[in-house]
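Step one of this worksheet: look at the structure below.
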Amino acid sequence: MISASSVRLTSDVLMRPAVSEDAAGLARSYLRSRDHLRPWEPDRDEAFFTPAGQAERLREMLAERGAGRSMPWVLVREPDGDAAEPDIVGTITLSGIVRGPFHSGNVGYWIDAGQVGRGLASAALRAVCAAADAELGLHRLQAGTLVHNAASQRVLTKCGFTPFGTAEDYLHINGAWRDHRLFQKILNGRRP
């Protein structure tokens with residue numbers, strides 16, 4: 001399992017491991033960014049946007065983390081002045097971790113609609129790559145984007161990922177099976 005340390009991404013945003021108490025904050029953030037995320041995500045039922053729905057999702061994600069197959073982080077914007085509590089402004093997850101000769105994992109991320117363009121996705125992805133290499137000893141990471149998601153492809157290439165193919169009907173996104181461009185980053189050449 002990756003350590004529970006936090007990483008400061010900007011002066012006001014911290015990336016830290018997700019915890020079960022994040023359910024309400026995640027529900028608020030997903031609800032606030034619902035229209036922004038719709039073109040890039042699977043169809044979501046109404047329960048997904050509630051604290052109870054996020055609590056269930058977090059239970060599953062944290063069980064996967066406990067089994068060593070996943071590591072979910074949240075990006076938290078610290079309160080300024082009158083704000084009462086920190087605000088979740090995105091997530092990044094290392095999932096599908098496979099050991100043995102493959103020694104690889106998948107990365108997925110999203111940034112709150114009001115925080116896009118600040119470099120948060122790039123900063124978080126760099127931090128996850130460093131943790132996957134140094135703490136997990138993984139050999140490579142993989143990510144997929146919809147073929148027309150130029151913004152996410154820029155993030156990946158800026159962080160050293162290279163395209164290696166296109167997968168037809170790869171994921172069911174926004175109501176249909178969608179083609180994805182696949183990217184990978186080789187982290188090291190160590191033996192597994």
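The values are calculated or read from the model by the stated rules, or taken from the named source; none is laboratory data. Given the structure is predicted, the values throughout are model-derived calculations rather than measurements. With ideal geometry, Cβ positions are generated from the backbone for all residues, glycine too; neighbour counts draw on all protein chains shown. Side chains are part of the model used for accessible areas, which takes the heavy atoms of the whole protein and leaves out ligands, DNA and RNA. Shrake-Rupley method; radii C 1.70, N 1.55, O 1.52, S 1.80 Å.
Compute the Cα gyration tensor for segment 35-123, then decide on rounded, prolate or oblate, letting a ≥ b ≥ c be the square roots of its eigenvalues: rounded whenever a/c is under 1.5, prolate when a/b is larger than b/c in the other cases, and oblate in all that remain.
It comes out prolate by the Cα gyration axes.
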Checklist outcome for this item: Over all Cα pairs of the chain, the Kirkwood radius sets Rh, and Rg/Rh then becomes 0.95
Next on the checklist: Please list, in order along segment 55-63, the HN-Hα scalar couplings obtained from phi with the Karplus expression 6.51 cos²θ - 1.76 cosθ + 1.60 (θ = phi - 60°), rounded to whole Hz, x for Gly and Pro.
Outcome noted: 4, 5, 4, 5, 4, 5, 5, 6, 5
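Can you check what the net charge comes to around residue 175, using other residues whose Cβ is under 14 Å from the Cβ of residue 175 (Lys, Arg +1; Asp, Glu -1)?
Net of charged neighbours comes to -1.
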Checklist outcome for this item: Looks like segment 91-192, by Cα gyration tensor root eigenvalues a ≥ b ≥ c and the a/c under 1.5 rounded cutoff (else prolate when a/b is bigger than b/c, oblate otherwise), is oblate
Item to check | Neighbourhood charge, 15 Å Cβ-Cβ cut-off, centred on residue 129 and excluding it, Lys, Arg +1 and Asp, Glu -1 | outcome: +3
Next on the checklist: Please check: in the Gaussian network model of the chain (C-alpha springs, under 10 Å), which one of 35, 87, 133 has the largest mean-square fluctuation.
Outcome noted: 35
Checklist entry - Where the centre of each part is set by its Cα atoms, how far does segment 77-128 sit from segment 1-57, in angstrom? => result 9 Å
Item to check | Listed peptides 11-17, 138-144 by packing density, highest first (mean Cβ within 10 Å) | outcome: 138-144, 11-17
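For segment 38-84, report the accessible area per residue in Å² (1.4 Å probe, heavy atoms, rounded to an integer).
With the other protein chains kept in place, segment 38-84 gives 57 Å² per residue.
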